[in-house]
1. Taking amide H atoms as placed 1.01 Å from N in the peptide plane, list the residues 5 or more away in sequence, or in a different chain, whose amide H sits under 5 Å from that of A:Lys117.
2. Given contacts defined as C-alpha pairs under 8 Å and at least six residues apart, what's the relative contact order of region B:1-100, whole-number percent?
3. Which percent, nearest 5, of DSSP beta bridges in chain A are antiparallel?
4. Apply the Karplus curve 6.51 cos²θ - 1.76 cosθ + 1.60, θ = phi - 60°, to the phi angles in region A:112-125 and return the couplings in whole Hz, x for Gly and Pro.
5. Check the straight Cα-Cα distances from B:Lys39 and name the lysines below 26 Å, setting aside those fewer than 8 residues away within the same chain.
6. Using modelled backbone amide H atoms (1.01 Å from N, in-plane), which distant-in-sequence or interchain residues come within less than 5 Å of B:Thr69's amide H?
7. Using only the alpha carbon atoms of the protein assembly as shown, find the Kirkwood hydrodynamic radius as the inverse mean reciprocal pair distance, in angstroms to one decimal.
8. Using each residue's phi in region B:18-23, evaluate 6.51 cos²θ - 1.76 cosθ + 1.60 at θ = phi - 60° and report the 3J(HN,Hα) Karplus result to the nearest Hz, with x for Gly and Pro.
Amino acid sequence: EVQLVESGGGSVQPGGSLRLSCEASGFTLSNYWMTWVRQAPGKGLEWVADIKEDGTERYCVDSVKGRFIISRDNAKNSLFLQMNGLRVEDTAVYFCARDDYTGTGARPYYYMDVWGKGTTVTVSS
Amino acid sequence: DIQMTQSPSSLSASVGDRVTITCRASQSIGSYLNWYQQKPGKAPKILISVASMLQSGVPSRFSGSGSGTDFTLTISSLQPEDFATYYCQQSYSNFRSFGQGTKLEIK
């Protein structure tokens, strides 16, 4: 069964750090871009960051730039999100997702087809 | 960055109704547009990719259309399990972005 399982969430004070993990099973992680998406309480989805299959390209939303780092260890079937300098506004459920694609050529059409259940991060004093 | 704007933000409808949700991109994104459904406490589920390509297992009452900047998600005949929040998302840019969501409620 294709599955993603997040872990590492918890409660932390402002300025603190957390490292989220996402363990993949049922597919070969190294074949896919991977993404982190978050959802603040009662709010919509926000794309946070994604990373290329081999880790050579990474992108993130401006609000976490310089604080969050996405990484992966394909040999361990794992995706990570290192979160430093946490702020109250980072409080959210964090989902990892697999980026599948369709189409050939230089610009495939990516979409998130497999999602984990999410891990909750609470930043509060 | 590409901004995605959905309308309406919320919608009340009845079982059997036909409903349409609109998504507008701040610049042309071709057909790099996906639609997701999310139910409370659950992860999102992909419904449609490439603006109009129905994902495997998604009922045919769901359809997507549009290209460039304007897109629609249509549910032809609402079923009880369709009451949820729907999000559009662009994959044209490496900096992906979602619309703010449309909450579909029972009238």
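1. So A:Lys117 has HN proximity to A:Glu6.
2. Reported as a whole number, the value is 37 percent.
3. Values: 42 of 45 bridges.
Looking only at bridges with both residues in chain A, the antiparallel portion is about 95 percent.
4. 8, 9, 10, 10, x, 7, x, 10, 9, 10, 10, 10, 7, 8
5. A:Lys43, A:Lys117, B:Lys103, B:Lys107
6. B:Ile29
7. 18.0
8. Coupling constants for region B:18-23: 9, 10, 10, 10, 10, 9 Hz.
Where a number appears in this text, it was derived from the coordinates with a stated rule and is not lab data. Worth saying up front: this structure is predicted, and the values here are computed from it rather than measured. All Cβ positions, even for glycine, are placed from backbone atoms using ideal geometry, and neighbour counts span all protein chains on display.
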